[in-house]
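The values are calculated or read from the model by the stated rules, or taken from the named source; none is laboratory data. Predicted model only: the values in this text are computed from it and were never measured. Methodologically, a virtual Cβ is constructed for each residue, glycine included, from the backbone with ideal geometry; neighbour enumeration extends over all protein chains shown. Just so you know, the surface numbers come from the protein's heavy atoms only, side chains and all, with ligands and any DNA or RNA stripped out. Shrake-Rupley method; radii C 1.70, N 1.55, O 1.52, S 1.80 Å.
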Amino acid sequence: MQQERRRWALAALLALVSFMNYTDRMILPAVSQAIKLEFELSDTALGLLNGFVFVALYAFASLPLARLADRTSRSLVLAGALAFWSLATAACGLVRSFGQLVVARACVGIGESAAQPVGYALVSEQFEPRRRNAAMAWFILGNNLGIMAGFALGGWIGARYGWRTAFLALGLPGLLLAVALAQFRAPPAAA
């Protein structure tokens, strides 16, 4: 019974990781108009920042990070990736040039590339087949709620306090979650 509670506690942590994954991802589109105006960007430059810069590094980093997670501690790799992308998200709010924003956004992509594959692996490892669907549903629910929160909170904070504050306010809480995940000890793998 204790192990079952620990598994569901892990599922809750993973749902929060997934939530932060998509919240941090959606801040940029929510505040992109303000960024475009401040840095005097073209639509092309903004599109590259919102899409290609993030996706290219996300795709490049996902395989080595997933491989690292398979060879070491999945939860520690995920906690490290979460801390990295949370810091990179907050760094987006501290940039002083478009080039710095590109680098910070690329770092968000690198860190976030571990979230989904490592999260799926942890759910598959920790939950027996008859409970895996429910655990996976919680994990994916975090995605959907994170998308909504990234747009809603990012847009609201950005409109009220500025786009830089939106990145800082929504990026930094991930560090607390990374600490919690790094300290969590999952029960032995489910059969």
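Summary value for the chain: 41 percent relative contact order, contacts being C-alpha pairs under 8 angstrom separated by 6+ residues.
Span-like helices, the chain: DSSP H, alpha-carbon axial extent 15 Å or more, mean Kyte-Doolittle 1.6 or greater, which ones? Mind dumping the intermediate values first?
Details: long enough: 2-39 (54 Å, 0.21); 52-71 (29 Å, 1.24); 74-92 (27 Å, 1.44); 98-112 (21 Å, 1.14); 115-126 (16 Å, 0.10); 129-161 (46 Å, 0.29); 173-183 (16 Å, 1.75).
Answer set is 173-183.
Shape summary of region 6-88, radius of gyration then Dmax from alpha carbon positions: 15.8, 50 Å. Per residue, the chain exposes 48 Å² of solvent-accessible protein surface, assessed with a 1.4 angstrom probe and all protein chains in place. In this Cβ point-charge picture (+1 for Lys and Arg, -1 for Asp and Glu), the chain has a dipole of about 480 debye about its Cα centre.
For the chain, carbon and sulfur atoms together expose 68% of the accessible surface, with a 1.4 angstrom probe and every protein chain in place.
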